[in-house]
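Note sheet for the following structure.
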Amino acid sequence: MSVQAASILVRSLSFADSLPHLWRNDFLGWHLGMPLRLYVSRARVARMPGLPVATANGPLLCLWHNRSTTRAMRLTPRCLDILKLLKAARWLTTSQLHRRFFGPSTVDAARKRLRKLAEADYLVQVQPNRMEESLFRLGSEGKRHLERMSDERIVLDRQPPKQLEHFLGMNDLRIAAELDLPLSYFFAYWELASIGWRQPVIPDAVFQADSRTFAVEFDRGHENLKFFLRTKLNYYFRGFDGFPVERLLIVTDRQVRLESLAKLIGANRAKVLLTRRDLIQQRGFSAPVFFETSLGGGQKLL
């Protein structure tokens, strides 16, 4: 700022204006726009030559008495996609977001961008302990941004779900489906009520790809096999009224559990495909990572 410009500010501001100290870190860039009333002792002209009509970033940033500015940052298309996915997925880990949105970039690059979004309140970052990776959900600014775009009221989770590993497993499948399949839709079990699901069994997920509908059961081995067959699998074998499912996908954490389920289902259940969570994470839905009881392993989904 030139000496002449500074003298104008000194004469124009009074003690009553009480302008707070402004620190460099309070601003998004190096430029500050401020409206000034100037008196020039000559005839009026349309505008002063060379004086910008507006600041480079639009209107003057709001200045608050606590020396802070309104939070603002430029959202890229990838940032918007992150917000939209978190609206549906609710909670995602750093590695899940890296796998879905940052491709060949390093995990550190993903952390840096996610940290900036969290600092601007578009995301909320939670780390249960130092031995676990961070979890992310929508923040207040992200919620407001999406609500302005869709006129939809969004309810935020304040705490991660109690069955977190099961929850994250379903989001692993969602991410793999989005990356690998010609996906029409994907709804996890916590979204089914909002679309009017009225069937006797609530799958862990339903999705459609290439005009084919699939139901998903993520089995972590906590249920007795016969109970699982009686309470869930028999409903899938009979089929749902008004909602035809081409295949049931059963995803397990362990190979031993997969083999036990395959033996229970039997060789005459061609509508069932089995696989492991780690295979989907590492190779995706388009790889031959499925086991069919009548044909064996190495099967593809489509």
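The values are calculated or read from the model by the stated rules, or taken from the named source; none is laboratory data. Just so you know, these numbers come straight off a predicted model, no measurement behind them. No Cβ is skipped: glycine too gets one built from the backbone with ideal geometry, and neighbour counts run over all protein chains shown.
Test LEU183 against the criterion of being modelled with pLDDT of 95 or more and surrounded by fewer than 17 Cβ atoms within 10 Å (Cβ to Cβ), and give yes or no. Don't jump to the end; show me each part of the working.
Details: modelled with pLDDT of 95 or more: yes; surrounded by fewer than 17 Cβ atoms within 10 Å (Cβ to Cβ): yes.
The answer is yes for LEU183.
When restricted to residues that are in contact (Cβ under 8 Å) with a residue 24 or more places away in the chain and over 17 Å from LYS87 (Cβ atoms), the stretch 178-202 contains 8. Filtering THR293, THR231, THR252 for residues that are more than 23 Å from LEU183 (Cβ to Cβ), touching a helix residue (DSSP H, G or I) at 6+ places or on another chain (Cβ under 9 Å) and not aliphatic (A, V, I, L, M) leaves a single hit, THR293.
The residues listed here are LEU192, LEU179, LEU183, LEU173; of these, the one that is touching a Gly at 6+ places or on another chain (Cβ under 8 Å) and closer than 24 Å to THR93 by Cα is LEU179. Please indicate, with yes or no, whether at least one residue in the stretch 146-159 is closer than 26 Å to GLN282 by Cβ, touching a residue at least 60 places away in the same chain (Cβ under 8 Å) and either assigned to a loop (DSSP other than H, G, I, E, B) or small (Gly, Ala, Ser) (or both). No, the stretch 146-159 has no match at all. The lone criterion from (1) out of contact with any helix residue (DSSP H, G or I) (no Cβ under 8 Å at 6 or more places or on another chain); (2) modelled with pLDDT of 95 or more left unmet by ALA72 is number (2).
The residues of the stretch 245-286 that are over 27 Å from TRP197 (Cα atoms), in contact (Cβ under 8 Å) with a residue 24 or more places away in the chain and hydrophobic (A, V, I, L, M, F, W, C), listed by number, are LEU258, ALA262, LEU264, ALA267.
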